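See structure below.
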Amino acid sequence: MNKARKVPRILVLGGGYVGLYAALSLRKRLGRREAAIVVVDPRSYMTYQPFLPEAAAGNLEPRHVVVPLRRTLKGCTILSGRVTSLDHGSRVAEVTPLEGEAYTVSYDHVITSLGSVARTLPIPGLAEQGMGFKQIEEAIALRNTVLGKMEAASSTWDPALRRRLLTFTFVGGGFAGIEALGEVEDMARTACQDFDSIRPQDLRFVLVEAMGRILPEVGEELGGYAIEQLRSRGIELKLNTLLESCVDGHIETSDGDRFESDTLVWTAGVKASPALGRTDLPLDERGRVRTNAALQVVDAEGTVVEGAWAAGDCAAVPDLTGEPGATCAPTAQHAVRQGRHLGQNLAREIVGEELVDYKHANLGTVASLGLYKGVAQTFGIKLRGPLAWFMHRTYHMWAMPTLNRKVRIVLDWTTALLFRREMVALGAFSSPRAEFRAVAGGGSAGAGSTAEPIQS
């Protein structure tokens with residue numbers, strides 16, 4: 001009598017672009033009797049980051065730019081927690097759930113898709129004053145902060161405090177920083193229509209960028225056009241400038257400027273997840289997992305580490321379309337395609353087929369600068385203005401996972417054509433129990449109460 005064949009267990013570390021698409025590709029190719037798939041992530045959803053600026057600006061409902069993992073990855077096991085260590089030699093990972101004690105999970109294959117985190121610098125005050133812009137929670141917080149500061153500024157007679165409240169500082173001139181700045185500035189100036197004491201010229205938006213240009217991915221010409229467009233809207237661009245300090249909202253830059261700003265958004269690059277340091281996988285000098293073109297993990301000599309796979313921002317994937325030794329850029333375009341390719345290659349490995357190298361030429365780049373404003377470069381064609389903005393929306397709507405989310409996004413955009421954006425600050429979300437605590441504690445909280453300040 002033949003023994004039942006063991007079903008291989010595939011452990012996916014991270015439910016972002018790579019983790020989601022790899023699991024989808026695997027489940028499409030392999031049934032439950034052919035592979036067990038376990039996805040570990042502290043969040044139960046994947047955030048489509050290119051839509052974060054529009055969510056922050058109120059053009060899209062925040063829930064529509066995230067993809068629920070449990071609903072999308074049917075037939076997969078989703079564990080809400082963090083992988084706190086990985087011993088690939090023993091094929092065991094330690095998982096710390098959101099609640100309860102840590103436990104171990106054994107596996108046959110592991111997909112490392114932990115992505116990236118914000119690359120910060122030891123700048124005085126940054127940890128206390130700054131906010132990132134990589135997750136949907138941060139996009140919502142930025143929207144609430146900007147509108148909340150405008151509400152506060154409209155209700156004070158102190159001119160110095162008004163200037164501080166209405167000064168918004170962004171650090172980093174890449175895609176994330178420029179798109180967030182463009183969309184939020186556009187939203188804030190529109191919101192001025194609802195305030196009888198705030199004029200658009202009262203708002204001050206400042207960008208601090210260490211390089212001499214912005215959006216290097218779109219080329220010097222379009223990057224220069226973006227600079228002209230942002231400056232024409234009154235946005236201050238401090239190029240070739242470093243942030244030196246931001247203690248208590250007092251901004252100091254390397255060009256000698258000093259000003260007060262309650263809001264500081266940090267978008268100055270990313271680095272591979274530091275959680276990789278708690279694994280025994282081979283890393284390169286930048287802390288990324290080493291891989292070959294087939295997305296298998298390899299050591300420094302190029303020898304394949306059996307059963308280990310990696311892709312996305314946390315992996316040093318060879319770029320076969322670039323110069324010798326080049327690796328793929330940490331972009332959503334690569335992450336989505338690498339996730340699909342990794343899932344297909346792992347399925348090929350399990351069924352005994354030959355692996356295929358990942359090779360993808362960049363289709364181009366698109367960036368939004370606010371409503372009806374943008375730049376794009378695709379197949380050598382350079383576009384700017386409304387047409388580039390339309391291409392930006394079209395591409396990312398097409399790339400958004402699931403038909404459900406695509407339809408909801410199009411409906412959000414259609415509604416926005418007929419009605420104005422809702423300019424409501426919901427900063428009290430960060431302390432929803434404040435009023436109840438005050439009442440339960442014997443206070444007199446109620447309409448207009450100041451028992452506990454609303455945080456934005």
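What follows draws every value from the coordinates through simple rules; no lab data is involved. Remember, predicted model here, so these are calculated numbers, not experimental data. Neighbour counts are summed over all protein chains in view; Cβ atoms, including those assigned to glycine, are modelled from backbone coordinates with ideal geometry.
Some observations on this one:
- Hydrodynamic radius (Kirkwood) for the chain, which is based on Cα pairs only, to one decimal in Å: 23.8
- Pair-distance distribution P(r) for region 241-284, from all Cα-Cα distances in 10 Å bins starting at 0: 21, 34, 19, 20, 6 percent.
- Sites Ala399 and Ala160 - FRET efficiency at Förster radius 41 Å, r taken between beta-carbons, to 0.05: 0.35
- One chain, two ends: Arg70 and Val356. Fully extended at 0.36 nm per residue, the span grows by 100.0 nm beyond their Cα-Cα distance.
- Net charge dipole size for the chain [Lys, Arg +1 and Asp, Glu -1 on Cβ; Debye, nearest 20]: 1780
- Cubic angstrom per residue, convex hull over Cα atoms of region 178-268: 103
- With the convex hull drawn around the C-alpha atoms of region 94-168, the volume per residue stands at 163 Å³.
- Here r is the Cβ-Cβ distance between Trp413 and Glu228 and R0 is 22 Å; the resulting FRET efficiency, rounded to 0.05, is 0.25.
- Nearby aspartates and glutamates by direct alpha-carbon distance to Lys359 (threshold 12 angstrom, same-chain neighbours under 8 apart not counted): Asp319
- Its residue count N sets the reference 2.2 N^0.38 Å, and the alpha-carbon radius of gyration of region 191-337 equals 1.44 times that reference.
- Likely footprinting exposure, Asp196, Asp202, fewest C-beta neighbours within 10 Å first: Asp196, Asp202
- P(r), alpha carbons of region 275-402 - 10 Å bins starting at zero, rounded %: 12, 35, 29, 18, 6, 0
- The helix-based estimate of mean residue ellipticity at 222 nm for the chain, built from -39,500 (n - 2.57) per DSSP H run of four or more residues and divided by its residue count, is -9500 deg cm²/dmol to the nearest 500.
- Of the DSSP H helices in the chain, those that are both long (alpha-carbon extent of 15 Å or more along the helix axis) and hydrophobic (Kyte-Doolittle mean at least -0.5) are 17-29, 136-153, 175-191, 386-399, 403-418.
- Here region 377-395 and region 267-298 have alpha carbon centers that stand 32 Å from each other.
- ³J(HN,Hα), Karplus 6.51/-1.76/1.60, whole Hz, each residue of region 76-91, x for Gly, Pro: 10, 8, 10, 10, 8, x, 10, 7, 8, 6, 9, 10, 5, x, 9, 6
- With q set to 0.18, 0.24 Å⁻¹, the log10 of I(q)/I(0) for region 1-112, from the Debye formula over equal scatterers at the Cα positions, is -0.92, -1.29.
- Whole-Å semi-axes of the ellipsoid equivalent to region 314-361 (Cα gyration tensor, √5λ, descending): 21, 12, 8
- 5 angstrom amide H check on Glu244, placed H, neighbours 5+ away: Glu252, Thr253, Ser254
- Inter-label distance, nm, simple model (7 Å from Cα along the C-beta direction), Arg420/Asp257: 3.0
- Anchor Lys271: lysines whose Cα lies under 16 Å away (excluding residues fewer than 8 positions away in-chain): Lys134
- Table column - 3J(HN,Hα) (Hz), region 318-328, Karplus curve with 6.51, -1.76, 1.60, x for Gly and Pro: x, 9, 6, 9, x, 5, x, x, 6, 10, 5
- Candidate cross-link partners of Lys28 among the lysines, defined by an alpha-carbon separation under 16 Å and a same-chain spacing of 8 or more, comprise Lys74.
- Distance in nm between pseudo-label sites at Asp108 and Thr303 (7 Å out along the Cβ direction from Cα): 2.4
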